[in-house]
Amino acid sequence: MAFREEIWEAAKNKQSNIVLALDLPFEKPQNRQALYERAAKIIDAVSPHICAVKFNHHLVLPLGVFNGVQKLIEKAHEHDLPTIMDCKVNDIGDTNRIIAEYYFEAGFNALIANPFVGWEEGLKPVFEIAKKRGGGVILLVYMSHKGASEGYGQTIIDESGTKAPQYVAFARKALQWNADGVVVGATYPEKIKEVHAILNGKIPIYSPGVGVQGGEIESAIKAGAFYLIVGRAITLAENPSATAGKIKNLAWNLLTKSC
């Protein structure tokens with residue numbers, strides 16, 4: 001099963017469009033086992049309320065891809081949850097290919113990539129590896145932080161010679177390259193709406209930034225977001241399971257009403 005279908009199956013089965021961003025605070029290297037156990041406990045606790053788990057460098061750096069992280073991937077899969085590596089692939093083609101090979105070999109179902117590097121000798125090898133392994137590629141179109149406008153919001157001259165915002169060009173490339181998803185920050189619902197119109201329902205939008213960064217569930221989904229990526233609002237909560245459950249119910253109800 002291809003990634004796009006796999007995550008949708010998980011969403012339907014869990015009745016959740018919430019992707020958990022398993023981002024945890026810095027720990028000293030000697031506390032790696034405690035960090036692993038905390039991450040594993042969170043996956044177990046919130047698994048009924050989410051449709052996928054997204055990893056970042058927060059865990060890859062201290063735990064190692066083929067050590068603690070691979071065990072966490074296996075745990076997520078035991079709960080029928082696909083896993084996404086937020087590595088923001090952004091290098092020359094051969095390096096990107098090797099990065100993709102390692103992450104898919106570890107068990108990840110999809111990678112997030114940065115379209116700034118382009119297609120030829122850029123992201124083309126990542127898409128090829130993903131297709132060979134039955135994985136997915138999600139493209140960054142507009143990030144959730146305040147400085148996103150400096151890069152993703154800048155005005156460019158596209159291949160046709162016309163001016164366009166960078167994120168609009170990236171949304172069009174997502175269609176051209178047949179990406180499995182795009183990332184647009186929940187903190188910018190107006191950008192979600194604009195990208196959604198370009199994608200015309202052909203590619204799902206993943207929106208991070210709900211909660212701690214100020215993104216709102218209702219405005220993001222009404223603008224066209226399909227999956228919400230939620231991290232610290234859940235991982236740092238006193239009761240991650242209860243918090244995830246509340247977010248799930250609100251988000252799923254809004255999504256089903258909008259579809």
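Here, each number is a calculation from the coordinates, and none is a lab measurement. Small disclaimer: the values here were computed from a predicted structure and weren't measured. Neighbour counts are summed over all protein chains in view; Cβ atoms, including those assigned to glycine, are modelled from backbone coordinates with ideal geometry.
Other residues lying with their Cβ under 14 Å from the Cβ of residue 192 contribute a combined charge of -1, Lys and Arg counting +1, Asp and Glu -1. Shape class of the stretch 81-146 from the alpha-carbon gyration tensor: oblate, with a/c at 1.5 or above and b/c at least as large as a/b.
At most 13 other Cβ atoms within 10 Å and a DSSP loop assignment: could you name the GluC sites (Glu not before Pro) in the stretch 188-243 that fit?
238
Our coupling estimate for the stretch 20-27, obtained by passing each phi through the Karplus curve with A = 6.51, B = -1.76, C = 1.60 and θ = phi - 60°, is 6, 8, 7, 9, 10, x, 4, 10 Hz, Gly and Pro reported as x. Two tests apply to each whole DSSP H helix in the chain, Cα reach of 24 Å or more along its axis and mean Kyte-Doolittle hydropathy of at least 0.5, and none passes both. Highest mean packing comes first when the peptides 246-257, 79-90 are listed by Cβ atoms within 10 Å, giving 79-90, 246-257.
How big is the antiparallel share of DSSP beta bridges in the chain, given as a percent to the nearest 5?
The answer is about 10 percent antiparallel.
Share of Cα-Cα pairs in the chain beyond 34 Å, in percent? Across the chain, Cα pairs with separations above 34 Å total 12 percent. Report summary: the helix-based calculation at 222 nm, which adds -39500 (n - 2.57) for every DSSP H run with n ≥ 4 and divides by the residues of the chain, gives -14000 deg cm²/dmol.
Measuring nothing but how far apart in sequence close Cα pairs (under 8 Å, 6+ apart) lie, relative to its length, the stretch 190-259 scores a relative contact order of 31 percent. Each Cα pair under 8 Å and six or more residues apart adds its separation to the average, and for the chain the resulting relative contact order is 20 percent.
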